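The values are calculated or read from the model by the stated rules, or taken from the named source; none is laboratory data. Note that the structure is a prediction, hence the values are computed from the model and not measured. FYI the Cβ positions are ideal-geometry reconstructions off the backbone, even for glycines, and counts take in every protein chain you see.
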Amino acid sequence: MLLVLAGAAALGVVSLLVFGSPFAKKPVTKAEIEHVIAQRPRGTVQFVLCNEVFVPSQTPRPKSEHSWTCDTYLGKSKAHTQNGPSYAVIVDDDRIESVRRVATH
């Protein structure tokens with residue numbers, strides 16, 4: 001009985017190392033950021049373009065924190081889109097920390 005229990009515990013530890021923790025959070029993806037930004041402006045959002053910003057600064061941010069800029073395009077159809085508002089997004093590895101509107105690029 002003790003041997004079976006020890007074997008099950010060893011199997012659990014090995015599977016945890018191979019597959020990762022079931023409670024670990026996934027990092028935020030570009031598609032998730034674009035979805036959140038698409039909900040912000042008024043009007044029909046045709047598409048959102050987001051890019052991660054790599055600008056060195058004098059005060060470095062934590063390694064898990066990333067900056068993104070997102071531009072929205074509004075219109076009744078994709079053929080008649082106009083620039084919408086732009087947003088600056090700060091993302092920690094597993095969540096969006098802040099979204100603020102910035103001047104259109």
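Does residue 98 qualify as being of a type in the set (Gly, Ala, Ser), loosely packed, with under 15 Cβ neighbours inside 10 Å and part of a strand (DSSP E or B)?
yes
Can you run down the residue pairs with Cβ atoms below 9 Å, 6 or more apart or on separate chains, where the first is in region 45-62 and farther than 13 Å from residue 90 by Cβ and without any contact (Cβ under 8 Å) to a residue 60 or more places away in the chain and the partner is aliphatic (A, V, I, L, M) and surrounded by 10 or more Cβ atoms within 10 Å (Cβ to Cβ)?
45/37; 45/38; 45/74; 46/74; 47/38; 48/33; 48/37; 48/38
For region 81-105, enumerate the residues that are under 17 Å from residue 39 (Cβ atoms) and of a type in the set (Ser, Thr, Tyr).
Those that are under 17 Å from residue 39 (Cβ atoms) and of a type in the set (Ser, Thr, Tyr): 86, 87, 98.
Of the residues that make up region 71-85, is at least one modelled with pLDDT of 70 or more, part of a strand (DSSP E or B) and in contact with a His (Cβ under 9 Å, 6 or more places away or on another chain)?
yes
With the requirement that a residue be part of a loop (DSSP other than H, G, I, E, B) and surrounded by 10 or more Cβ atoms within 10 Å (Cβ to Cβ), what does region 40-59 give you?
40, 41, 43, 44
For residues that are among the hydrophobic types (A, V, I, L, M, F, W, C) and over 13 Å from the mean Cα position of the chain (by Cα), scanning just region 61-105, find the one that is nearest to residue 31 (Cα to Cα).
74
So which residues in region 86-95 are under 16 Å from residue 51 (Cβ atoms) and either in a loop (DSSP other than H, G, I, E, B) or not polar (S, T, N, Q) (or both)?
Taking region 86-95 first, the residues under 16 Å from residue 51 (Cβ atoms) are 86-91.
Once the filter is applied, which keeps residues that are under 16 Å from residue 51 (Cβ atoms) and either in a loop (DSSP other than H, G, I, E, B) or not polar (S, T, N, Q) (or both), region 86-95 yields 87, 88, 89, 90, 91.
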